[in-house]
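What follows is a set of notes on a single structure, which appears directly below.
The values are calculated or read from the model by the stated rules, or taken from the named source; none is laboratory data. Only a predicted model underlies this, so the values are computations on that prediction, with no experimental measurement involved. In this analysis, Cβ positions are derived from the backbone assuming ideal geometry, glycine residues included, and neighbour counts consider all displayed protein chains. All accessible areas refer to the heavy atoms of the entire protein, side chains included, with ligands and DNA or RNA removed. Shrake-Rupley method; radii C 1.70, N 1.55, O 1.52, S 1.80 Å.
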Amino acid sequence: MPQSTALLDWYDRHHRDLPWRVSPADAALGVLPDPYHVWLSEIMLQQTTVGAVKSYFVAFLHTWPTIEALAAADEDDILRAWAGLGYYSRARNLHKCARSIVADHGGRFPQTIEGLKALPGIGDYTAAAIAAIAFDMPVAVVDGNIERIVSRLYRIADALPAAKKPIKQKMAILTPSERPGDFAQAMMDLGSSLCSPKKPACVLCPFTSNCEAEMAGDMERFPVKAPKKQKPTRRGVAFLIRRADGAIWLQKRPAKGLLASMAQVPTTDWSDKNTGEQFDLATALSHAPDGLKFHKKTGQVTHTFTHFHLLLDVYEATTSHKAPMADGWWSTPLDINGEALPTVFRKVVEFAA
DNA sequence: AATCCGGGGCG
DNA sequence: CGCCCAGGATT
């Protein structure tokens, strides 16, 4: 029995019911999933776990049932719905892509890899995933899970990212012409369950004794990766301005850079010159909003981004209902949960509650 | 090829 | 606490 068949058998016996998959009964009839659902789920799943995505996917589909509805949405509504999921450029590219599909492609996804890759937010992986899962095209899908599995199957010694090319070649050979989408999803399910980074459950693996790393007993060496840079710690001050009724003053962040176009409480910058002992609190406080009496909250808010740790002091002030500065808006306790507020600022609000 | 971009779960 | 995750865009 070919290795791909053994894996598909394993997949059918361990089928996971996920909101973006068709039911096993429909799949048996050859029903393919809605490309809109496949695309939306794949964008959300970029560097994000299945458990984190599920509720967001269901909510998005409820609010915007079709790609036409999503294309017609206000971008700020999409950012609010995306808040907490991370990598916010995905949300802005999601909207751009939906508008392009509707305006330039008659509301349908292109059915070629090149056509898909030309769309905002769709790269090598996502183009292949949509082609295989939504259009039944026998293309090699390679994500982080599959890099780990294939690098173990063939004991690929090259370090990532140089190993990507040989991995994709091997995956292309493995991928069957029948059920290529299920094969890709089976590989990803295998990677997120049995073929884990540490202590893989090789005894249960459908690639029994066809895995070179398992034969050699050094599975955990693969995939080989370059050592990572350590993250610096940056510091800053966040200003929580509270109205008598509990509303909090928010602002919109710039359209480029970290947490672009999202909401924030007023804050000093966290640039890399505010690293470690170079941080000057007095200079930071000189940027405090005028005309308010702030008092420092005891303790700090900590948050870790992709490439730095952040330590925030929190200063709080209360004021009348008059706007404390030119840009921004009051967000009442009822509104705050629906704001496009990234997790670091939700921590600040919660910290000062 | 390196860097920037979030957040959470797990050992 | 470090590592990893259904990566893409930019430089």
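For region A:138-206, go through all pairs of different Cα atoms, get the mean of 1/r, take its inverse, and jot down that Kirkwood value in Å. If you can, show how the numbers build up before the last one.
Numbers: mean 1/r = 0.0819 Å⁻¹.
When all Cα pairs of region A:138-206 are included, the Kirkwood radius is 12.2 Å.
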Which one of A:A140, A:A25, A:A98 has the biggest mean-square fluctuation once chain A is modelled by GNM with Cα springs under 10 Å?
-> A:A25
Using the Kirkwood radius built from alpha carbon pairs, what does the Stokes-Einstein equation give as D for region A:233-351 at 4 °C and 1.567 mPa s, in µm² per second?
-> 88
Reported to the nearest 10 Å², A:W64 has, with a 1.4 Å probe, an accessible area equal to 20
Longest principal axis of chain A (C-alpha) makes with the long axis of helix A:124-135 (C-alpha) an angle, in degrees to the nearest 10, of 60
Carbon plus sulfur, as percent of the 1.4 Å-probe accessible area of region A:3-221, comes to 53
Electrostatic dipole magnitude of region A:3-221 [Cβ: Lys, Arg +1; Asp, Glu -1; Cα centre; debye, to 20] | 520
Per 20 angstrom bin, beginning at 0 and ending with the bin that holds the maximum distance, the Cα pairs of chain A fall in percents of 25, 47, 25, 2
Using just the helices of chain A, give the 222 nm mean residue ellipticity in deg cm²/dmol: DSSP H runs with n ≥ 4 each add -39,500 (n - 2.57), and the total is spread over all residues, rounded to 500.
-> -11500 deg cm²/dmol
For region A:3-221, with +1 on Lys and Arg beta carbons and -1 on Asp and Glu, the positive-most of A:S4, A:C202, A:G106 along the dipole | A:C202
Please give the direction-averaged projected area of the C-alpha convex hull for region A:201-302, in square nanometres with one decimal.
-> 13.1
Of the beta bridges DSSP finds with both residues in chain A, what % are antiparallel, to the nearest 5?
-> 55
According to the square roots a ≥ b ≥ c of the eigenvalues of the Cα gyration tensor, what is the shape class of region A:10-153, taking rounded for a/c under 1.5, prolate for a/b larger than b/c otherwise, and oblate for the remainder?
-> rounded
